[in-house]
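**Q** Mind looking over this structure? Questions follow.
The values are calculated or read from the model by the stated rules, or taken from the named source; none is laboratory data. Values in this document were obtained by computation on a predicted structure and should not be read as measured data. Here the Cβ positions follow ideal geometry from the backbone for every residue, glycine too, while neighbour counts run over all protein chains shown.
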Amino acid sequence: MGEVVIRARDLRMRYGTKDVLTGVDLDLRAGEVVCLLGPNGAGKTTTIEILEGFRIRSAGEVEVLGQDPATASEDWRARTGVVLQSWRDHPRWTPRRLLTQLGEYYRPYATPDRQRPHDIDDLLETVGLSQLADQKINTLSGGQRRRLDVAIGIVGRPELLFLDEPTAGFDPQARREFHELIRRLSQVDRTTILLTTHDLDEAERLATRVLVLAGGRIVADDTVSGLADRVEGETEVRWRQGGTAHTERVPDGTAFVRELFARSGEEVHDLEVRRSSLEDAYLALVQQHEAGHEDAAARLFSATTAEVEP
């Protein structure tokens, strides 16, 4: 396990009389790609903004890259990258000009281990904007503009990258290319990544670990497969036999299929074995919490947290 990059204890946030975060505890380690999931209004964006230093928390302890984000230095800021849900900047600039201008901010913070900024031509190619590099930003489509948002977030080769709904507005091809970019940032540039998304398939593809935020606190913390196994251990088996469709939920899909073929007097067609997905686990957790079963959620959190401790 790498060093701790983000550490939060009893993180709380209140807006007026409303408690949005009621005691968030979390750790992120170097090189992880961690996805923060939760229903609308759960406090995902608030959590991200506190960790970025854009919002002052009501209470709790937070340390990001060794500093408190609320009082962090300019050097600290240069080590982080942010992709917000939306940006407002110079629409008449071109992507090349904007990224070149922003990149100059990071140049004094280059180190032998991490050269800053990115080569602008390479960066434009990485995010798929090479052909649009000299076109006015206000002429870009929504998906193209989102690619530029990602380029803005990584132009300084961040050690830690925050992504808030990064693929909103992406078409399937752009989303696939973005996923490859995230893997490259994590594996090649050794970037630690914390992202929020409503796309559970995206989380399942990208995340080395998943945090579920509900009721103002983290109710689960585990790998994708570990979370799915813990919350819902059954496997769904579907098949057709004798012209009739069948569906069974069983603890052991492999054993059931083996027995099905052994005892079957007729041919089995259209066999499909579906294990529980991250979506199944996530929905079960949120529904459990919303139904008031906080003790069960707490037991799950305790168990999953224990597995990811070093």
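**Q** Do we find that Ile193 is crowded, with 18+ Cβ neighbours inside 10 Å, within 19 Å of the chain's Cα centre (by Cα) and in a helix (DSSP H, G or I) in this structure? Break it down stepwise before answering.
**A** Working: crowded, with 18+ Cβ neighbours inside 10 Å: yes; within 19 Å of the chain's Cα centre (by Cα): yes; in a helix (DSSP H, G or I): no.
In short, no.
**Q** Report yes if Arg12 is in a strand (DSSP E or B) and on the phi < 0 side of the Ramachandran plot, otherwise no.
**A** Working: in a strand (DSSP E or B): yes; on the phi < 0 side of the Ramachandran plot: yes.
Spelling it out, Arg12 is indeed in a strand (DSSP E or B) and on the phi < 0 side of the Ramachandran plot.
**Q** Of everything in the stretch 1-13, what is farther than 12 Å from Val64 by Cβ and modelled with pLDDT of 95 or more? Give them in sequence order.
**A** Within the stretch 1-13, Arg9, Asp10, Arg12, Met13 meet the criteria.
**Q** Taking the stretch 33-61, which residues are in a strand (DSSP E or B) and surrounded by fewer than 21 Cβ atoms within 10 Å (Cβ to Cβ)?
**A** The initial filter retains those residues of the stretch 33-61 that are in a strand (DSSP E or B), namely 33-37, 59-61.
Hits for the stretch 33-61 are Ala59, Gly60, Glu61.
**Q** Let me ask something additional. Can you find a residue in the stretch 112-128 that is at pLDDT below 90, part of a loop (DSSP other than H, G, I, E, B) and surrounded by 21 or more Cβ atoms within 10 Å (Cβ to Cβ)?
**A** yes
**Q** When you go through Asp19, Asp25 one by one, which is the residue that is touching a residue at least 60 places away in the same chain (Cβ under 8 Å), more than 30 Å from Tyr109 (Cα to Cα), out of contact with any strand residue (DSSP E or B) (no Cβ under 6 Å at 6 or more places or on another chain) and part of a strand (DSSP E or B)?
**A** Asp19
**Q** Within the stretch 148-198, restricting attention to residues that are basic (Lys, Arg) and within 16 Å of Asp113 (Cα to Cα), which residue is modelled with the highest pLDDT? Write out each step before concluding.
**A** Filtering the stretch 148-198 for residues basic (Lys, Arg) gives 157, 175-176, 183-184, 190.
Narrowing the set further to residues that are within 16 Å of Asp113 (Cα to Cα) leaves 157, 190.
Numbers: Arg157: 93, Arg190: 87.
The qualifying residue modelled with the highest pLDDT is Arg157.
**Q** If you don't mind, another one. Test each condition in (1) in a loop (DSSP other than H, G, I, E, B); (2) farther than 17 Å from Gly153 by Cβ; (3) at pLDDT below 95 for His90 and report the one that comes out false.
**A** (2)
**Q** What is the residue count in the stretch 233-259 for residues that are more than 39 Å from the chain's Cα centre (by Cα) and modelled with pLDDT of 85 or more?
**A** 3
**Q** Taking Thr126 as the residue in question, decide whether it is outside the structural domain of Glu180 (by TED's automatic domain parsing), among the β-branched types (Val, Ile, Thr) and within 19 Å of Gln144 (Cα to Cα).
**A** So Thr126 passes the test.
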